[in-house]
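Where a number appears in this text, it was derived from the coordinates with a stated rule and is not lab data. The structure presented is a predicted model; accordingly, all values stated were derived computationally and were not measured. So basically every Cβ, Gly included, is an ideal-geometry build from the backbone, and we count neighbours across all protein chains shown.
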Amino acid sequence: MRGLILAAVSLLTLVASARPNQLETRGHCLTNDDAYALANAFKDLINLPFNRTLAKAALVPSFKDYSDSVNELINAGCPNGPAPLTAPTFTSRAAFIAGQSGQSPIPFEILNIWNNCEELTVRWRSSQPAKGVPTEVFPEEVVTGILAIEVVPNPGGEFAFQIQTVFSEFNSGAWLYDLVCPSRAVT
Ligand SMILES: *[C@@H]1O[C@H](CO)[C@@H](O)[C@H](O)[C@H]1NC(C)=O
């Protein structure tokens, strides 16, 4: 019995050490305020006129963005399109800036932000564009999505952490409808 308990305890220790939390062991953990600031910075990069300074402050140069939802839209739902499924949508901060700066703001609101030591998760929903702000889509169908965001410490920077990786998935069927079927203009 005692041997069994010892075996169970050492198994638990093994499992724990197999998944070390690197930031935690270094004494750096994302706070709720850090998570809120980064989630809103990422939101601003998408739904305000593009701000290159903000992109450089909030994203690491080796930033990666994975989104099969976006790749599917780039491919217009067709196989063998230019953005293979499972491939990163953006492979660097420079690529993100190049792609995103050419796009009109996309209006959405943050519904939830959850965070742990080194990740944050954001749930969002499309919203009506502000009056007079040009927009990429005409949100007739509500689009809901989730962002899982990995961060790294950024000592001395505008943000205490920077975004390393974004995994972004959303209702691309509804988005496609909004892109191709708008029946009214935003005034
Ligand atoms: C762009 O982002 C930077 C860095 O956060 C900020 O200081 C600046 O005010 C922003 N510019 C605009 C026009 O919002």
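A few remarks follow.
- Unit Cα scatterers, Debye sum, the range 64-146: log10 I(q)/I(0) for q = 0.13, 0.26 Å⁻¹: -0.54, -1.30
- Cross-link partners of Lys56 among lysines, defined as those whose alpha carbon lies under 22 angstrom from its own and excluding same-chain residues fewer than eight positions apart: Lys43, Lys64.
- Environment charge at Val151 (Cβ cut-off 10 Å; Lys +1, Arg +1, Asp -1, Glu -1): -4
- Cβ-defined net charge surrounding Arg125, 15 Å radius [Lys, Arg +1; Asp, Glu -1]: -3
- Counted over the range 46-187 with a bin width of 10 Å, the fraction of Cα pairs per bin, in whole percents, is 11, 37, 39, 12, 1.
- Neighbourhood charge, 11 Å Cβ-Cβ cut-off, centred on Asn71 and excluding it, Lys, Arg +1 and Asp, Glu -1: -4
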